[in-house]
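The values are calculated or read from the model by the stated rules, or taken from the named source; none is laboratory data. Since the model is a prediction, treat every value here as computed from it, not as a measurement. So basically every Cβ, Gly included, is an ideal-geometry build from the backbone, and we count neighbours across all protein chains shown. Heavy atoms of the whole protein, side chains included, go into the accessibility calculation; ligands, DNA and RNA do not. Shrake-Rupley method; radii C 1.70, N 1.55, O 1.52, S 1.80 Å.
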Amino acid sequence: MKILYAASEAAPFAKSGGLADVAGALPKALVQDGIDCRVVMPLYNDLKYKDTLTYITNFSVPVGWRSQYCGLFKAEYDGVTFYFIDNEYYFKRSGLYGFYDDGERFAFFSRAILEMLFYTDFEPDIINCNDWQTALTPVYLNLYYRHLDKFNRIKTVFTIHNIAYQGKYGLDILEDTCGIGNRDAHVVEYDGCANFMKGAIETADKVTTVSPTYAQEILDPWFSHGLDGLLRQKQYKLCGILNGIDVDVFNPATDPDIVKNYDVDTFQEGKAACKAALQDEMGLNKDGSPVMAMVTRLVGHKGVDLVRSIAEGLLQQGIELVILGSGEAQYENFFNELCARHPGRVGVYIGFNAKLAQRIYSGADIFLMPSRSEPCGLAQMVSCRYGTIPVVRETGGLRDSIHDSGDGYGNGFTFANYNAHELYEACWRAKEGYWQKDGWPILVRRAMECDFSWSNSAKSYEGLYNEVVNLW
(Lines give C-alpha, C1' and ligand atoms only; values in the text may rest on other atoms or scores of the structure.)
Protein backbone atom coordinates (compact mmCIF):
# COMPACT_ATOMS: atom_id res chain seq x y z
CA MET A 1 0.00 0.00 0.00
CA LYS A 2 1.19 3.53 -0.80
CA ILE A 3 0.29 6.50 1.39
CA LEU A 4 1.08 10.19 0.78
CA TYR A 5 0.95 11.96 4.13
CA ALA A 6 0.27 15.67 3.53
CA ALA A 7 0.98 18.09 6.39
CA SER A 8 1.97 21.73 6.84
CA GLU A 9 4.72 20.76 9.29
CA ALA A 10 6.65 17.61 10.20
CA ALA A 11 9.40 16.88 12.71
CA PRO A 12 12.32 17.25 12.53
CA PHE A 13 12.17 19.66 9.56
CA ALA A 14 9.63 22.22 10.83
CA LYS A 15 7.58 22.23 14.01
CA SER A 16 5.14 24.51 15.80
CA GLY A 17 3.02 21.92 17.61
CA GLY A 18 1.77 18.36 17.93
CA LEU A 19 0.95 17.98 14.22
CA ALA A 20 4.68 17.95 13.44
CA ASP A 21 5.27 15.16 15.97
CA VAL A 22 2.53 13.05 14.37
CA ALA A 23 3.72 13.74 10.81
CA GLY A 24 7.25 12.79 11.84
CA ALA A 25 6.43 9.64 13.82
CA LEU A 26 3.38 7.98 12.18
CA PRO A 27 4.92 7.63 8.68
CA LYS A 28 8.06 6.17 10.29
CA ALA A 29 5.97 3.55 12.12
CA LEU A 30 4.04 2.73 8.92
CA VAL A 31 7.27 2.31 6.92
CA GLN A 32 8.60 -0.05 9.60
CA ASP A 33 5.44 -2.12 9.05
CA GLY A 34 6.22 -2.39 5.33
CA ILE A 35 3.91 0.36 4.03
CA ASP A 36 5.34 2.84 1.51
CA CYS A 37 4.37 6.06 3.32
CA ARG A 38 5.85 9.37 2.17
CA VAL A 39 5.38 12.87 3.55
CA VAL A 40 4.83 16.11 1.62
CA MET A 41 5.22 19.53 3.28
CA PRO A 42 6.17 23.13 2.37
CA LEU A 43 9.81 24.15 2.03
CA TYR A 44 9.90 26.91 4.65
CA ASN A 45 12.65 29.47 4.94
CA ASP A 46 13.74 28.23 8.37
CA LEU A 47 13.49 24.54 7.46
CA LYS A 48 16.04 22.39 9.29
CA TYR A 49 18.41 20.03 7.43
CA LYS A 50 18.11 22.07 4.22
CA ASP A 51 21.49 20.79 3.11
CA THR A 52 20.09 17.23 2.83
CA LEU A 53 17.49 18.17 0.19
CA THR A 54 17.76 16.97 -3.41
CA TYR A 55 16.18 18.93 -6.26
CA ILE A 56 13.76 16.88 -8.40
CA THR A 57 12.01 19.27 -10.80
CA ASN A 58 9.82 22.36 -11.08
CA PHE A 59 6.40 22.98 -12.60
CA SER A 60 3.49 25.44 -12.53
CA VAL A 61 0.52 25.29 -10.17
CA PRO A 62 -2.78 27.07 -10.91
CA VAL A 63 -3.77 29.49 -8.13
CA GLY A 64 -7.09 31.02 -9.16
CA TRP A 65 -6.42 32.77 -12.48
CA ARG A 66 -2.63 32.71 -11.98
CA SER A 67 0.08 30.12 -12.53
CA GLN A 68 2.72 29.98 -9.83
CA TYR A 69 6.19 28.43 -9.87
CA CYS A 70 6.59 25.29 -7.75
CA GLY A 71 9.89 23.56 -7.04
CA LEU A 72 9.95 19.96 -5.84
CA PHE A 73 12.69 18.66 -3.53
CA LYS A 74 13.07 15.50 -1.52
CA ALA A 75 15.04 14.05 1.39
CA GLU A 76 15.29 10.77 3.30
CA TYR A 77 15.01 10.77 7.08
CA ASP A 78 14.68 7.71 9.33
CA GLY A 79 13.77 5.58 6.32
CA VAL A 80 10.93 7.95 5.26
CA THR A 81 10.91 9.92 1.99
CA PHE A 82 9.93 13.58 2.48
CA TYR A 83 8.84 15.78 -0.45
CA PHE A 84 9.12 19.56 -0.16
CA ILE A 85 7.00 22.07 -2.08
CA ASP A 86 9.03 25.19 -2.83
CA ASN A 87 7.78 28.69 -3.64
CA GLU A 88 9.74 31.57 -2.16
CA TYR A 89 6.88 34.07 -2.51
CA TYR A 90 4.69 31.91 -0.23
CA PHE A 91 7.16 30.18 2.06
CA LYS A 92 10.36 32.23 2.31
CA ARG A 93 9.24 33.93 5.52
CA SER A 94 10.09 33.74 9.19
CA GLY A 95 7.65 31.36 10.87
CA LEU A 96 5.06 28.95 9.51
CA TYR A 97 1.64 30.61 9.94
CA GLY A 98 -0.07 33.83 10.90
CA PHE A 99 0.30 35.77 7.63
CA TYR A 100 -2.39 37.86 5.90
CA ASP A 101 -2.40 35.53 2.88
CA ASP A 102 -2.38 32.13 4.65
CA GLY A 103 -5.51 31.16 2.69
CA GLU A 104 -3.70 31.68 -0.61
CA ARG A 105 -0.47 30.06 0.62
CA PHE A 106 -2.18 26.84 1.62
CA ALA A 107 -4.55 26.79 -1.35
CA PHE A 108 -1.35 26.76 -3.43
CA PHE A 109 0.13 24.01 -1.25
CA SER A 110 -3.06 21.88 -1.42
CA ARG A 111 -3.10 22.09 -5.22
CA ALA A 112 0.66 21.52 -5.53
CA ILE A 113 0.27 18.21 -3.64
CA LEU A 114 -1.83 16.91 -6.55
CA GLU A 115 0.21 18.55 -9.33
CA MET A 116 3.45 17.01 -8.06
CA LEU A 117 2.08 13.53 -8.75
CA PHE A 118 2.50 14.23 -12.48
CA TYR A 119 6.26 14.62 -11.86
CA THR A 120 7.07 11.74 -9.50
CA ASP A 121 7.03 7.97 -9.92
CA PHE A 122 5.01 7.71 -6.70
CA GLU A 123 1.33 6.87 -7.19
CA PRO A 124 -0.42 6.79 -3.79
CA ASP A 125 -3.46 4.70 -3.02
CA ILE A 126 -4.44 7.18 -0.30
CA ILE A 127 -3.62 10.81 0.43
CA ASN A 128 -3.92 11.48 4.17
CA CYS A 129 -4.46 15.24 4.60
CA ASN A 130 -4.06 16.99 7.96
CA ASP A 131 -5.87 20.07 9.27
CA TRP A 132 -7.12 23.04 7.29
CA GLN A 133 -3.78 23.76 5.58
CA THR A 134 -4.23 20.68 3.35
CA ALA A 135 -8.03 20.57 3.44
CA LEU A 136 -8.48 21.74 -0.16
CA THR A 137 -6.57 18.73 -1.52
CA PRO A 138 -9.57 16.33 -1.44
CA VAL A 139 -11.75 19.18 -2.76
CA TYR A 140 -9.47 19.80 -5.77
CA LEU A 141 -9.08 16.06 -6.34
CA ASN A 142 -12.83 15.53 -6.59
CA LEU A 143 -13.55 18.68 -8.62
CA TYR A 144 -10.66 18.82 -11.12
CA TYR A 145 -8.56 15.64 -11.15
CA ARG A 146 -10.86 12.68 -10.59
CA HIS A 147 -11.53 12.17 -14.33
CA LEU A 148 -7.84 11.55 -15.08
CA ASP A 149 -6.57 7.95 -15.09
CA LYS A 150 -3.75 8.81 -12.71
CA PHE A 151 -6.19 10.05 -10.06
CA ASN A 152 -9.40 8.09 -10.48
CA ARG A 153 -8.56 5.44 -7.85
CA ILE A 154 -6.89 7.69 -5.24
CA LYS A 155 -8.79 7.78 -1.92
CA THR A 156 -8.53 10.52 0.70
CA VAL A 157 -8.45 10.57 4.50
CA PHE A 158 -8.72 13.88 6.36
CA THR A 159 -7.39 14.11 9.92
CA ILE A 160 -8.59 16.83 12.31
CA HIS A 161 -5.93 17.65 14.88
CA ASN A 162 -7.73 20.69 16.27
CA ILE A 163 -11.18 21.69 15.08
CA ALA A 164 -10.73 25.24 16.41
CA TYR A 165 -8.61 26.08 13.33
CA GLN A 166 -10.77 25.61 10.23
CA GLY A 167 -9.37 27.94 7.56
CA LYS A 168 -12.30 30.36 7.44
CA TYR A 169 -12.31 33.24 4.91
CA GLY A 170 -14.71 35.49 3.05
CA LEU A 171 -16.45 33.91 0.06
CA ASP A 172 -14.58 36.28 -2.28
CA ILE A 173 -11.44 34.15 -1.79
CA LEU A 174 -12.96 31.19 -3.61
CA GLU A 175 -12.82 32.11 -7.28
CA ASP A 176 -9.98 34.61 -7.30
CA THR A 177 -7.56 32.74 -5.02
CA CYS A 178 -8.70 29.13 -4.77
CA GLY A 179 -9.96 28.76 -8.33
CA ILE A 180 -13.31 27.36 -7.19
CA GLY A 181 -16.13 28.85 -9.29
CA ASN A 182 -19.73 29.61 -8.32
CA ARG A 183 -20.93 26.21 -9.52
CA ASP A 184 -18.75 24.42 -6.94
CA ALA A 185 -18.69 27.03 -4.16
CA HIS A 186 -21.26 25.05 -2.12
CA VAL A 187 -18.60 22.39 -1.42
CA VAL A 188 -16.58 24.76 0.81
CA GLU A 189 -19.25 27.30 1.76
CA TYR A 190 -20.46 26.99 5.36
CA ASP A 191 -22.31 29.47 7.51
CA GLY A 192 -21.68 32.33 5.07
CA CYS A 193 -17.90 31.71 4.91
CA ALA A 194 -15.43 29.83 2.79
CA ASN A 195 -14.43 27.08 5.22
CA PHE A 196 -11.54 24.89 4.03
CA MET A 197 -12.09 22.23 6.70
CA LYS A 198 -15.76 21.95 5.74
CA GLY A 199 -14.70 21.18 2.15
CA ALA A 200 -12.48 18.33 3.33
CA ILE A 201 -15.17 16.85 5.59
CA GLU A 202 -17.55 16.99 2.62
CA THR A 203 -15.23 15.38 0.05
CA ALA A 204 -12.80 13.04 1.93
CA ASP A 205 -13.59 9.32 2.02
CA LYS A 206 -12.88 9.14 5.76
CA VAL A 207 -12.51 11.79 8.47
CA THR A 208 -10.39 10.94 11.50
CA THR A 209 -9.48 12.75 14.70
CA VAL A 210 -6.60 12.14 17.08
CA SER A 211 -8.52 10.29 19.83
CA PRO A 212 -11.76 8.29 20.06
CA THR A 213 -13.24 10.60 22.72
CA TYR A 214 -12.52 13.73 20.65
CA ALA A 215 -14.33 12.12 17.70
CA GLN A 216 -17.44 11.99 19.91
CA GLU A 217 -16.90 15.39 21.52
CA ILE A 218 -16.80 17.32 18.23
CA LEU A 219 -20.38 16.21 17.54
CA ASP A 220 -21.29 18.50 20.46
CA PRO A 221 -21.58 22.30 19.91
CA TRP A 222 -19.44 22.96 23.01
CA PHE A 223 -16.37 21.44 21.28
CA SER A 224 -17.11 21.76 17.56
CA HIS A 225 -16.59 25.50 16.87
CA GLY A 226 -19.70 25.45 14.68
CA LEU A 227 -19.12 22.26 12.67
CA ASP A 228 -21.19 19.85 14.79
CA GLY A 229 -24.18 19.89 12.42
CA LEU A 230 -22.05 18.91 9.43
CA LEU A 231 -20.14 16.27 11.42
CA ARG A 232 -23.34 14.66 12.70
CA GLN A 233 -24.50 14.47 9.09
CA LYS A 234 -21.17 12.88 8.05
CA GLN A 235 -20.79 10.75 11.18
CA TYR A 236 -20.71 7.57 9.07
CA LYS A 237 -17.20 8.49 7.91
CA LEU A 238 -15.87 9.81 11.25
CA CYS A 239 -13.58 7.88 13.60
CA GLY A 240 -10.91 8.59 16.20
CA ILE A 241 -7.45 7.00 16.57
CA LEU A 242 -5.30 7.91 19.57
CA ASN A 243 -1.91 9.39 18.72
CA GLY A 244 1.26 7.85 20.06
CA ILE A 245 4.64 9.31 20.99
CA ASP A 246 8.07 8.57 19.57
CA VAL A 247 9.42 6.29 22.31
CA ASP A 248 12.96 6.61 20.93
CA VAL A 249 12.94 10.38 21.33
CA PHE A 250 11.14 10.30 24.69
CA ASN A 251 13.16 7.66 26.50
CA PRO A 252 14.51 8.34 30.01
CA ALA A 253 17.05 5.52 29.54
CA THR A 254 18.81 7.33 26.67
CA ASP A 255 17.68 10.99 26.88
CA PRO A 256 20.83 13.13 26.61
CA ASP A 257 19.10 16.18 28.14
CA ILE A 258 18.41 14.77 31.61
CA VAL A 259 20.81 14.60 34.55
CA LYS A 260 20.70 10.85 35.14
CA ASN A 261 19.28 8.20 32.82
CA TYR A 262 16.94 5.58 34.26
CA ASP A 263 14.44 2.93 33.24
CA VAL A 264 11.55 1.11 34.85
CA ASP A 265 13.92 -0.81 37.14
CA THR A 266 16.16 2.09 38.19
CA PHE A 267 13.70 5.01 38.33
CA GLN A 268 13.85 5.58 42.10
CA GLU A 269 17.52 6.49 42.05
CA GLY A 270 17.32 8.18 38.62
CA LYS A 271 14.30 10.35 39.33
CA ALA A 272 15.70 11.38 42.72
CA ALA A 273 18.83 12.74 41.00
CA CYS A 274 16.74 14.45 38.28
CA LYS A 275 14.43 15.98 40.89
CA ALA A 276 17.31 17.38 42.95
CA ALA A 277 18.85 18.92 39.81
CA LEU A 278 15.49 20.44 38.76
CA GLN A 279 14.97 21.92 42.22
CA ASP A 280 18.44 23.46 42.08
CA GLU A 281 17.83 24.85 38.58
CA MET A 282 14.45 26.38 39.48
CA GLY A 283 15.53 27.63 42.92
CA LEU A 284 13.23 25.35 44.91
CA ASN A 285 13.58 24.09 48.49
CA LYS A 286 14.78 20.50 48.79
CA ASP A 287 12.64 19.51 51.75
CA GLY A 288 11.10 16.35 50.33
CA SER A 289 7.94 18.08 49.04
CA PRO A 290 6.32 16.70 45.89
CA VAL A 291 7.07 18.77 42.77
CA MET A 292 4.06 19.45 40.58
CA ALA A 293 4.76 20.74 37.05
CA MET A 294 3.11 22.14 33.94
CA VAL A 295 4.68 22.36 30.48
CA THR A 296 2.06 24.13 28.38
CA ARG A 297 0.90 27.13 26.43
CA LEU A 298 -0.38 29.63 29.00
CA VAL A 299 -3.84 30.03 27.48
CA GLY A 300 -7.35 29.55 28.88
CA HIS A 301 -8.32 26.29 27.19
CA LYS A 302 -5.28 24.55 28.70
CA GLY A 303 -6.86 24.92 32.13
CA VAL A 304 -4.37 27.54 33.32
CA ASP A 305 -7.24 29.58 34.82
CA LEU A 306 -8.10 26.61 37.08
CA VAL A 307 -4.48 26.31 38.21
CA ARG A 308 -4.44 30.04 38.95
CA SER A 309 -7.51 29.58 41.19
CA ILE A 310 -5.95 26.83 43.30
CA ALA A 311 -2.23 27.74 43.22
CA GLU A 312 -2.15 29.29 46.70
CA GLY A 313 -4.02 26.28 48.09
CA LEU A 314 -1.54 23.86 46.53
CA LEU A 315 1.40 25.70 48.05
CA GLN A 316 -0.28 25.66 51.48
CA GLN A 317 -0.67 21.89 51.09
CA GLY A 318 3.13 21.59 50.85
CA ILE A 319 3.49 21.25 47.09
CA GLU A 320 6.24 22.87 45.00
CA LEU A 321 5.18 24.22 41.62
CA VAL A 322 7.17 24.39 38.35
CA ILE A 323 5.73 26.18 35.29
CA LEU A 324 7.22 26.23 31.77
CA GLY A 325 5.38 28.02 28.97
CA SER A 326 4.33 31.26 27.37
CA GLY A 327 1.04 32.73 26.23
CA GLU A 328 -1.44 35.27 27.57
CA ALA A 329 0.07 38.12 29.56
CA GLN A 330 -2.41 37.69 32.44
CA TYR A 331 -1.12 34.16 33.12
CA GLU A 332 2.55 34.99 32.57
CA ASN A 333 2.23 37.88 35.03
CA PHE A 334 0.34 35.78 37.58
CA PHE A 335 2.97 33.02 37.70
CA ASN A 336 5.85 35.51 37.82
CA GLU A 337 4.20 37.26 40.78
CA LEU A 338 3.44 33.91 42.47
CA CYS A 339 7.12 33.01 42.12
CA ALA A 340 8.16 36.33 43.66
CA ARG A 341 5.78 35.87 46.60
CA HIS A 342 6.82 32.27 47.29
CA PRO A 343 10.59 31.95 46.80
CA GLY A 344 11.72 28.37 47.10
CA ARG A 345 8.19 27.04 46.45
CA VAL A 346 7.57 28.15 42.84
CA GLY A 347 9.82 28.02 39.78
CA VAL A 348 8.74 29.72 36.53
CA TYR A 349 10.28 29.86 33.04
CA ILE A 350 8.34 32.06 30.61
CA GLY A 351 9.05 30.93 27.04
CA PHE A 352 9.80 27.52 25.63
CA ASN A 353 12.93 25.50 26.23
CA ALA A 354 12.83 21.93 24.87
CA LYS A 355 15.75 20.71 27.00
CA LEU A 356 14.27 22.19 30.15
CA ALA A 357 10.97 20.47 29.28
CA GLN A 358 12.78 17.12 29.30
CA ARG A 359 14.37 17.93 32.65
CA ILE A 360 10.92 18.77 34.04
CA TYR A 361 9.41 15.52 32.75
CA SER A 362 12.21 13.57 34.45
CA GLY A 363 12.49 15.62 37.66
CA ALA A 364 8.86 16.38 38.62
CA ASP A 365 6.70 13.98 40.63
CA ILE A 366 3.28 15.05 39.34
CA PHE A 367 2.28 16.57 35.98
CA LEU A 368 -0.76 18.87 35.56
CA MET A 369 -2.98 18.86 32.43
CA PRO A 370 -6.42 20.20 33.40
CA SER A 371 -7.41 21.14 29.83
CA ARG A 372 -10.83 22.44 28.88
CA SER A 373 -10.46 20.55 25.62
CA GLU A 374 -7.55 18.40 24.37
CA PRO A 375 -7.90 16.63 21.01
CA CYS A 376 -5.17 14.17 21.97
CA GLY A 377 -2.36 15.65 24.03
CA LEU A 378 1.15 14.18 24.07
CA ALA A 379 2.56 15.63 27.31
CA GLN A 380 0.55 13.24 29.50
CA MET A 381 2.03 10.28 27.59
CA VAL A 382 5.55 11.70 27.83
CA SER A 383 5.15 12.30 31.57
CA CYS A 384 4.06 8.66 32.06
CA ARG A 385 7.09 7.52 30.07
CA TYR A 386 9.30 9.48 32.49
CA GLY A 387 7.47 8.21 35.60
CA THR A 388 5.84 11.56 36.40
CA ILE A 389 2.22 10.92 37.39
CA PRO A 390 -0.33 13.00 35.42
CA VAL A 391 -3.36 14.79 36.87
CA VAL A 392 -5.75 15.34 33.94
CA ARG A 393 -9.30 16.30 33.12
CA GLU A 394 -11.36 13.59 31.42
CA THR A 395 -11.58 15.12 27.94
CA GLY A 396 -10.40 14.07 24.47
CA GLY A 397 -7.18 12.09 24.37
CA LEU A 398 -6.58 12.68 28.09
CA ARG A 399 -9.59 10.52 28.86
CA ASP A 400 -8.42 7.81 26.43
CA SER A 401 -4.84 7.63 27.72
CA ILE A 402 -4.99 8.35 31.48
CA HIS A 403 -7.16 6.37 33.90
CA ASP A 404 -7.66 7.13 37.58
CA SER A 405 -5.51 5.04 39.88
CA GLY A 406 -8.22 4.94 42.55
CA ASP A 407 -9.16 1.48 41.26
CA GLY A 408 -5.62 0.15 41.74
CA TYR A 409 -5.07 -0.21 37.98
CA GLY A 410 -4.89 3.33 36.61
CA ASN A 411 -1.85 5.41 35.64
CA GLY A 412 -2.77 8.84 37.03
CA PHE A 413 -5.43 10.99 38.67
CA THR A 414 -8.46 12.32 36.78
CA PHE A 415 -11.42 14.65 37.31
CA ALA A 416 -14.53 15.07 35.19
CA ASN A 417 -15.96 18.60 35.30
CA TYR A 418 -14.16 21.77 34.38
CA ASN A 419 -13.95 23.44 37.76
CA ALA A 420 -11.25 24.34 40.24
CA HIS A 421 -12.74 22.31 43.12
CA GLU A 422 -12.44 19.03 41.22
CA LEU A 423 -8.92 19.85 40.05
CA TYR A 424 -7.92 20.69 43.64
CA GLU A 425 -9.37 17.42 44.91
CA ALA A 426 -7.47 15.43 42.23
CA CYS A 427 -4.22 17.25 43.13
CA TRP A 428 -4.85 16.54 46.83
CA ARG A 429 -5.30 12.82 46.06
CA ALA A 430 -2.07 12.85 44.04
CA LYS A 431 -0.22 14.53 46.92
CA GLU A 432 -1.59 12.00 49.41
CA GLY A 433 -0.57 9.19 47.05
CA TYR A 434 2.96 10.61 46.87
CA TRP A 435 3.35 10.29 50.64
CA GLN A 436 2.45 6.58 50.52
CA LYS A 437 6.03 5.47 50.11
CA ASP A 438 5.09 1.84 49.39
CA GLY A 439 2.30 2.53 46.91
CA TRP A 440 3.78 5.44 44.93
CA PRO A 441 6.63 3.45 43.28
CA ILE A 442 4.05 0.87 42.16
CA LEU A 443 2.04 3.65 40.47
CA VAL A 444 5.20 5.11 38.87
CA ARG A 445 6.16 1.69 37.51
CA ARG A 446 2.64 1.18 36.13
CA ALA A 447 2.78 4.57 34.38
CA MET A 448 6.21 3.87 32.89
CA GLU A 449 5.06 0.49 31.58
CA CYS A 450 2.17 2.01 29.58
CA ASP A 451 2.69 1.44 25.85
CA PHE A 452 2.10 4.78 24.10
CA SER A 453 4.33 3.88 21.14
CA TRP A 454 3.26 4.66 17.58
CA SER A 455 3.30 0.96 16.72
CA ASN A 456 -0.15 0.57 18.33
CA SER A 457 -1.65 3.61 16.62
CA ALA A 458 -0.02 2.68 13.30
CA LYS A 459 -1.86 -0.66 13.37
CA SER A 460 -5.14 1.23 13.73
CA TYR A 461 -4.24 3.50 10.81
CA GLU A 462 -3.34 0.45 8.71
CA GLY A 463 -6.77 -1.01 9.42
CA LEU A 464 -8.39 2.28 8.44
CA TYR A 465 -6.35 2.54 5.23
CA ASN A 466 -7.29 -1.03 4.24
CA GLU A 467 -10.94 -0.16 4.80
CA VAL A 468 -10.65 3.05 2.75
CA VAL A 469 -8.88 1.36 -0.17
CA ASN A 470 -11.79 -1.06 -0.48
CA LEU A 471 -14.56 1.54 -0.13
CA TRP A 472 -15.40 1.80 -3.83
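Given H placed 1.01 Å from N in the peptide plane, which residues other than close sequence neighbours of Val322 have an amide H under 5 Å from its amide H?
Sorted by chain and number, the residues that satisfy this are Met292, Ala293, Met294, Gly347.
Quick one: work out Rg over Rh on the C-alpha atoms of region 347-472, Rh as Kirkwood radius.
Rg/Rh: 1.04.
Determine which aspartates and glutamates satisfy two conditions relative to Lys431: a Cα distance under 16 Å, and not lying fewer than 8 residues away in the same chain.
Asp287, Glu312, Glu320, Asp365, Asp404, Glu422
As a quick test, which of the pairs Lys2/Lys74; Lys28/Lys198; Lys155/Lys302; Lys28/Lys206; Lys28/Lys302 have an alpha carbon distance above 24 angstrom in this structure?
With Cα atoms farther than 24 Å apart: Lys28/Lys198; Lys155/Lys302; Lys28/Lys302.
Fully extended, how many nm does the chain gain between Asp149 and Leu171 (0.36 nm per residue separation, minus their Cα-Cα distance)?
Additional length available on full extension: 4.8 nm.
Please list, or write none, the aspartates and glutamates whose alpha carbon is within less than 13 Å of the alpha carbon of Lys355, excluding same-chain residues fewer than 8 places away.
Answer for Lys355, where 13 Å is the Cα cut-off: Asp255, Asp257, Glu281, listed by chain and number.
Hey, can you find the accessible area per residue of the chain for me, probe 1.4 Å, expressed in square angstrom?
Per residue, the chain has an accessible area of 39 Å².
Please calculate the 1.4 Å probe accessible area of Tyr190, with all protein chains present, and give it to the nearest 10 Å².
Tyr190 exposes around 60 Å² with every protein chain in place.
For Leu298, what residues show an amide H to amide H distance below 5 Å, using hydrogens built from the backbone and excluding near sequence neighbours?
Long-range HN contacts for Leu298: Ser326, Gly327, Glu328.
For Glu281, tell me the accessible area in Å² from a 1.4 Å probe, rounded to the nearest 10.
90 Å²
Mind checking the full-extension length gain between Glu281 and Tyr69? Use 0.36 nm per residue of separation minus the Cα-Cα distance, one decimal, nm.
Result: 71.3 nm gained on full extension.
Compute the FRET efficiency between Gln316 and Asp257 as 1/(1 + (r/R0)^6), taking r as their Cβ-Cβ distance and R0 = 25 Å, and round to the nearest 0.05.
0.15
At 0.36 nm per residue, and after removing the present C-alpha to C-alpha distance, how many nm does the segment from Lys237 to His186 gain when stretched out fully?
Here the answer is 16.4 nm.
For Lys437, go through the lysines and keep the ones whose alpha-carbon is under 18 Å away, minus same-chain ones fewer than eight residues off.
Correct list for Lys437: Lys271, Lys275, Lys286.
Order Trp65, Trp435, Trp454, most accessible first, counting only protein heavy atoms with a 1.4 angstrom probe.
Accessible-area ranking of Trp65, Trp435, Trp454, largest first: Trp65, Trp435, Trp454.
With both bridge residues required to lie in region 146-265, what share of the DSSP beta bridges run antiparallel, to the nearest 5%?
35 percent
First check a/c for region 255-384, with a ≥ b ≥ c the square roots of the eigenvalues of its C-alpha gyration tensor; if it is under 1.5, answer rounded, and if not, answer prolate when a/b is larger than b/c or oblate otherwise.
It is oblate, given that a/c is not under 1.5 and a/b is not larger than b/c.
Taking R0 as 22 Å, what's the FRET efficiency between Ala420 and Glu337 from their Cβ-Cβ distance, rounded to 0.05?
That pair, Ala420 with Glu337, gives E of 0.75.
Let's see if you can work this out: charge +1 on each Lys and Arg Cβ, -1 on each Asp and Glu Cβ, no other charges. What is the dipole magnitude of region 329-472 about its Cα centre, in debye to the nearest 20?
For this selection, approximately 500 debye.
Taking amide hydrogens as modeled 1.01 Å from N in the peptide plane, which residues meet the under 5 Å criterion relative to Cys37, leaving out close sequence neighbours?
Those lying under 5 Å, H to H, from Cys37 are Ile3, Val31.
Under the Karplus relation 6.51 cos²θ - 1.76 cosθ + 1.60, θ = phi - 60°, what is the ordered set of whole-Hz ³J(HN,Hα) values for region 305-312, x standing for Gly and Pro?
Taking θ as phi minus 60°, the curve returns 5, 5, 4, 4, 5, 10, 4, 4 Hz for region 305-312.
If DNA, RNA and ligands are ignored and the probe is 1.4 Å, what is the ranking of Tyr55, Tyr144, Tyr331 by accessible area, most exposed first?
Tyr55, Tyr144, Tyr331
How many percent of the alpha carbon pairs in region 1-132 exceed a separation of 21 Å?
The share of Cα pairs beyond 21 Å in region 1-132 comes to 35 percent.
In whole Hz and in residue order, list the ³J(HN,Hα) couplings for region 103-119 that follow from phi through the Karplus curve 6.51 cos²θ - 1.76 cosθ + 1.60, θ = phi - 60°; x for Gly and Pro.
Calculated HN-Hα couplings, in order: x, 5, 4, 8, 5, 4, 4, 4, 6, 5, 4, 6, 4, 5, 5, 6, 10 Hz.
Just name one of His403, Gly98, Leu136: the one whose Cα is farthest towards the positive end of the charge dipole of the chain (beta-carbon charges, Lys/Arg +1, Asp/Glu -1).
About the Cα centre, the residue reaching furthest to the positive side is Gly98.
Taking θ = phi - 60°, what integer Hz values does the Karplus form 6.51 cos²θ - 1.76 cosθ + 1.60 yield along region 8-14, in sequence order, with x for Gly and Pro?
Per residue, the Karplus-derived 3J(HN,Hα) values read 7, 7, 7, 6, x, 6, 8 Hz.
Lys/Arg Cβ at +1, Asp/Glu Cβ at -1, dipole of region 395-472 taken about the Cα centre: which of Ser455, Thr414, Gln436 is farthest positive-ward?
Value: Gln436.
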